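Handing you this structure, nothing more for now.
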Amino acid sequence: MPRNKSIILLSVGHACVDVYQGAVAALIPFFVAERAYTYAAASGVVLAASVLSSVAQPFFGALTDRHPIPWLLPVSTVLGGLGVALSGITGSYSLTLLFVALSGVGVAAYHPESARIARLASKGSHSSMGWFSLGGNVGFAMAPLLVTVVIATGGLRFSPLLILPALVGSALTLPVLRALERTPRPDGGKGAALGKDDWGSFVRLSLAVVCRSIAFVGLSTFIAFHAREQMDGGTAAGTAALFVLYLGGAVGTVVGSKLAHRWDRVTVVSMSYLTTVAAVAGVVFVPGPAIYLFVALTSIGLYVPFSLQVTLAQDYLPTRVGTASGITLGLMVSVGGLTSPLIGSIADATSLRTALTPLILMPALSWLLFRTLPEPTVPKPLLGGLDEDTTHGTGRTPTEHSRL
């Protein structure tokens, strides 16, 4: 199977999985409306999906470093969809938490192995990895629309219909896995690279990702409520804000991969975080329709680093690609949920704007952490697979990369 076809299938499959990360936040307004959840109770649902995902994702990453498990892709995709599909059919808060936690485990199992396979299929191309990440961002963006169409039609009892993307995504992974089986690698398919692990840089990168996650997950959990307050609107105003937040992520991922061809990844990520500080402030404090502009700018700024941080993590830990992918993706998409109950409690006690104000500091902290990071060298086995768009704009040939 041609590399581009594999990446396209992986990207669409990634979209089908990340629908369920976006779906949890998109379901929150409906849980509040039908079940009268408080802000704190609603954020507890996000926490349930985040806790197990945050813990399990690094575990699955370390596991795939030891033993590649390609069958995790179709199985975890179905598991992620099943949890969300079941979350709306019970009025029990405890069972709701259990089902979204099940979905979180499915999402956690998917990402490290899929990132490893995408790295093999892309042969180190930043553009190909960017397309893979873009799929997840599109899935995020489609989640509010999908949830709104399904749940607004028949209420939470229609949530079983939300499993359909999981079934499609699971089927799409099968041709890629068959192609990998027909192309055996001398390293056993692990994609191991020669080099020395730079744990110090990886830890600083991970801390920056934590700050980014707190900002993004905090906004995704409460932006629908905040937009409705600022616009004096109903559910549509909130759904539109969530859609813009997720759609901007798709734009940011493409922009990030393009900028990485002109400048090094650390510089691109660092400047993106710095400019995002003002955008988050605009979301929190600017009233009226302008909030949608600042939501879009915030999303783009937070997602320019997305795929670049994954490849940076992999290059900082070239002998532990699965671990690097698992930790980085786990922190980016789930650890922020750990702070959501705190934000919800502050909002219940004061106001939503007061609760969201500390999020302005998060991209600033990420910028400070990135300022001291080095640009890692390219792992040797990937050099042969570097295509023109991997080295474009750097002024270096693959041979020159190997001497860095």
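Do the conditions hold for Val269, that is, is it at pLDDT 90 or above and either of a type in the set (Val, Ile, Thr) or surrounded by fewer than 20 Cβ atoms within 10 Å (Cβ to Cβ) (or both)? Before you say what the answer is, go through the steps one by one.
Values: at pLDDT 90 or above: yes; either of a type in the set (Val, Ile, Thr) or surrounded by fewer than 20 Cβ atoms within 10 Å (Cβ to Cβ) (or both): yes.
Judged against the criteria, Val269 is a match.
Of the numbered conditions (1) over 29 Å from Phe202 (Cα atoms); (2) under 16 Å from the mean Cα position of the chain (by Cα), Thr77 satisfies every one except a single condition; which is it?
In the conditions (1) over 29 Å from Phe202 (Cα atoms); (2) under 16 Å from the mean Cα position of the chain (by Cα), Thr77 misses (1) alone.
Please name all residue pairs, on different chains or six or more residues apart, with Cβ atoms under 7 Å, provided the first residue is in region 40-55 and is farther than 18 Å from Leu219 by Cα and the second residue is at pLDDT 80 or above.
Final answer for the pair search is Leu52/Ala101; Leu52/Gly104; Leu52/Val105; Leu52/Ala108; Ser53/Gly104; Ser53/Val105; Ser53/Val107; Ser53/Ala108.
Just name the residue that is farthest from Ser6 (Cα to Cα) out of those in region 61-77 that are in contact (Cβ under 8 Å) with a residue 60 or more places away in the chain and in a loop (DSSP other than H, G, I, E, B).
So, considering only residues that are in contact (Cβ under 8 Å) with a residue 60 or more places away in the chain and in a loop (DSSP other than H, G, I, E, B), the one farthest from Ser6 (Cα to Cα) is Pro68.
Given the options Val176, Val168, name the one that is out of contact with any Lys or Arg (no Cβ under 8 Å at 6 or more places or on another chain), buried (at least 19 other Cβ atoms within 10 Å of the Cβ) and part of a helix (DSSP H, G or I). Walk me through it before giving the result.
Working: Val168 fails: buried (at least 19 other Cβ atoms within 10 Å of the Cβ).
Step by step, each of Val176, Val168 is checked, and only Val176 is out of contact with any Lys or Arg (no Cβ under 8 Å at 6 or more places or on another chain), buried (at least 19 other Cβ atoms within 10 Å of the Cβ) and part of a helix (DSSP H, G or I).
Name the pairs whose Cβ atoms lie under 7 Å apart, with the first residue in region 333-361 and within 18 Å of Val32 (Cβ to Cβ), the second of a type in the set (S, T, N, Q) and modelled with pLDDT of 90 or more, and 6 or more positions between them or separate chains?
As it stands, the answer is Ile346/Thr354, since those pairs meet every condition given.
In region 79-96, what residues are surrounded by fewer than 17 Cβ atoms within 10 Å (Cβ to Cβ) and either touching an Asp or Glu at 6+ places or on another chain (Cβ under 7 Å) or in a helix (DSSP H, G or I) (or both)?
Residues of region 79-96 surrounded by fewer than 17 Cβ atoms within 10 Å (Cβ to Cβ): 89-95.
If the condition is that a residue be surrounded by fewer than 17 Cβ atoms within 10 Å (Cβ to Cβ) and either touching an Asp or Glu at 6+ places or on another chain (Cβ under 7 Å) or in a helix (DSSP H, G or I) (or both), then Tyr93, Ser94, Leu95 are the ones that fit.
Please tell me if Leu27 is modelled with pLDDT of 80 or more and within 16 Å of Leu102 (Cα to Cα).
Numbers: modelled with pLDDT of 80 or more: yes; within 16 Å of Leu102 (Cα to Cα): yes.
Judged against the criteria, Leu27 is a match.
Ok, one more. So, in region 310-364, exactly how many residues are assigned to a helix (DSSP H, G or I) and over 21 Å from Ala278 (Cβ atoms)? Give the steps one after another, and end with the answer.
Of the residues in region 310-364, the ones assigned to a helix (DSSP H, G or I) are 310-316, 321-333, 335-349, 352-364.
The next check asks that each one be over 21 Å from Ala278 (Cβ atoms); those that pass are 310-316, 321-333, 335, 337-342, 344-349.
Adding up the residues that qualify gives 33.
Please determine whether any residue of region 143-156 is closer than 25 Å to Arg66 by Cβ and modelled with pLDDT of 85 or more.
To start, the set of residues in region 143-156 that are closer than 25 Å to Arg66 by Cβ comprises none.
For region 143-156, residues closer than 25 Å to Arg66 by Cβ and modelled with pLDDT of 85 or more: absent.
Here is a follow-up. Confirm whether Leu134 is surrounded by fewer than 24 Cβ atoms within 10 Å (Cβ to Cβ), in a helix (DSSP H, G or I) and among the hydrophobic types (A, V, I, L, M, F, W, C).
Numbers: surrounded by fewer than 24 Cβ atoms within 10 Å (Cβ to Cβ): no; in a helix (DSSP H, G or I): yes; among the hydrophobic types (A, V, I, L, M, F, W, C): yes.
No; evaluated as a whole, the condition is false for this residue.
Turning to a different aspect of this structure: State whether the residues of region 1-8 include one that is at negative phi and under 18 Å from the mean Cα position of the chain (by Cα).
Looking through region 1-8, at least one residue is at negative phi and under 18 Å from the mean Cα position of the chain (by Cα).
Let me ask you something else. Counting just the residues of region 272-318 that are touching a residue at least 40 places away in the same chain (Cβ under 8 Å) and among the aromatic types (Phe, Trp, Tyr), which one comes out surrounded by the fewest Cβ atoms within 10 Å (Cβ to Cβ)?
Top of the filtered list is Phe285.
Quick check: anything in region 24-35 among the β-branched types (Val, Ile, Thr), within 18 Å of Val150 (Cβ to Cβ) and touching a Leu at 6+ places or on another chain (Cβ under 7 Å)? Break it down into steps so the answer makes sense when it comes.
Just the residues of region 24-35 that are among the β-branched types (Val, Ile, Thr), to begin with: 24, 28, 32.
With within 18 Å of Val150 (Cβ to Cβ) added as a condition, the list becomes 24, 28, 32.
From what's left, touching a Leu at 6+ places or on another chain (Cβ under 7 Å): none.
No, region 24-35 contains no residue that is among the β-branched types (Val, Ile, Thr), within 18 Å of Val150 (Cβ to Cβ) and touching a Leu at 6+ places or on another chain (Cβ under 7 Å).
I'd like to verify a number: residues in region 239-256 that are surrounded by 24 or more Cβ atoms within 10 Å (Cβ to Cβ) and within 14 Å of Ala290 (Cα to Cα), how many?
Of the residues in that region, 2 qualify.
Of all the helices (runs of 4 or more DSSP H) wholly in region 207-304, which have at least 1 residues that are over 26 Å from Val147 (Cα atoms)?
On the way: elements: 235-259, 265-285, 290-303.
The qualifying helices (runs of 4 or more DSSP H) are 235-259, 265-285.
The values are calculated or read from the model by the stated rules, or taken from the named source; none is laboratory data. As the structure is a computational prediction, the values presented were derived from the model and not from experiment. In this analysis, Cβ positions are derived from the backbone assuming ideal geometry, glycine residues included, and neighbour counts consider all displayed protein chains.
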